[in-house]
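The next block holds one structure in the form of structure tokens; read it before the comments.
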Amino acid sequence: AQLVESGGGLVRPGGSLALSCAASRLTIPYNGMAWFRQPPGEGKEREFVAAIEWSGGRPFYGMSAAGRFTISRDLHEMTMYLHMNSMEPEDTALYYCAAGSIIASPIPDTYDSWGRGTQVTVSS
């Protein structure tokens, strides 16, 4: 299974950014796809951002994402997206996409496949 994130970068507070996660065909049997992020700093853990049921498209959001971020997927392109609006410096992190059998699990250890991450920095 292979997941490749893209779209990270530098954005000003209040701005928007869109991340993509391209999935290989080996990943598709996994119905639980999600975004996590890991803030900078030693000891910081991966935080659940949002998840989506790959087959039906149901979205789920963590507290940090609700109302600002939108998760979606394109079955034809085999790509998952995370559109982020009203971004804050606290959103600065390495963003990972993950795939697993459990839908909308907020626990990183329940996912079987991970991308390498894409850096998002929110700063003026």
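Considering only residues in region 36-46 that are surrounded by 12 or more Cβ atoms within 10 Å (Cβ to Cβ) and more than 12 Å from Ala98 (Cα to Cα), the one that is nearest to the chain's Cα centre (by Cα) turns out to be Gln38.
Of all residues in region 80-124 being hydrophobic (A, V, I, L, M, F, W, C) and surrounded by fewer than 17 Cβ atoms within 10 Å (Cβ to Cβ), which is nearest to Gln38 (Cα to Cα)? Explain how you work it out, then say what you get.
Filtering region 80-124 for residues hydrophobic (A, V, I, L, M, F, W, C) gives 80, 82, 84, 87, 93-94, 97-99, 102-104, 107, 114, 120, 122.
Cutting the leftovers down to surrounded by fewer than 17 Cβ atoms within 10 Å (Cβ to Cβ) gives us 102, 107.
Working: Ile102: 21, Ile107: 13 Å.
Per the stated criteria, the residue is Ile107.
Conditions first: (1) touching an Asp or Glu at 6+ places or on another chain (Cβ under 9 Å); (2) not in a loop (DSSP other than H, G, I, E, B). Ala104 passes all but one, so which condition is the exception? Only one criterion is unmet by Ala104, namely (2). Within region 43-63, residues that are under 17 Å from Gln119 (Cα atoms) have Cβ atoms under 8 Å from residues that are part of a loop (DSSP other than H, G, I, E, B) and open to solvent by 50 Å² or more (accessible area, probe 1.4 Å) in these pairs: Phe48/Pro106; Phe48/Ile107, counting only partners at least 6 apart in sequence or on another chain. Restricting attention to region 42-59, does a residue exist that is outside any loop (DSSP other than H, G, I, E, B), over 19 Å from Arg12 (Cα atoms), modelled with pLDDT of 95 or more and touching an Asp or Glu at 6+ places or on another chain (Cβ under 6 Å)? No - not one qualifying residue is present in region 42-59.
Give the number of residues within region 9-32 that are assigned to a strand (DSSP E or B), closer than 14 Å to Asp74 by Cβ and either modelled with pLDDT of 95 or more or open to solvent by 40 Å² or more (accessible area, probe 1.4 Å) (or both). Here the count works out to 5. Selection of region 56-76 for residues being surrounded by 18 or more Cβ atoms within 10 Å (Cβ to Cβ) and among the charged types (D, E, K, R) yields only Arg73. Kindly establish whether Glu5 is within 22 Å of Asp74 (Cα to Cα) and in contact (Cβ under 8 Å) with a residue 24 or more places away in the chain. It is true that Glu5 is within 22 Å of Asp74 (Cα to Cα) and in contact (Cβ under 8 Å) with a residue 24 or more places away in the chain.
The values are calculated or read from the model by the stated rules, or taken from the named source; none is laboratory data. Model, not experiment: these values are computed from the prediction. Cβ: placed from backbone, ideal geometry, glycine included. Neighbour counts: every protein chain shown. Ligands, DNA and RNA are excluded from the accessible area calculation, which covers all protein heavy atoms including side chains. Shrake-Rupley method; radii C 1.70, N 1.55, O 1.52, S 1.80 Å.
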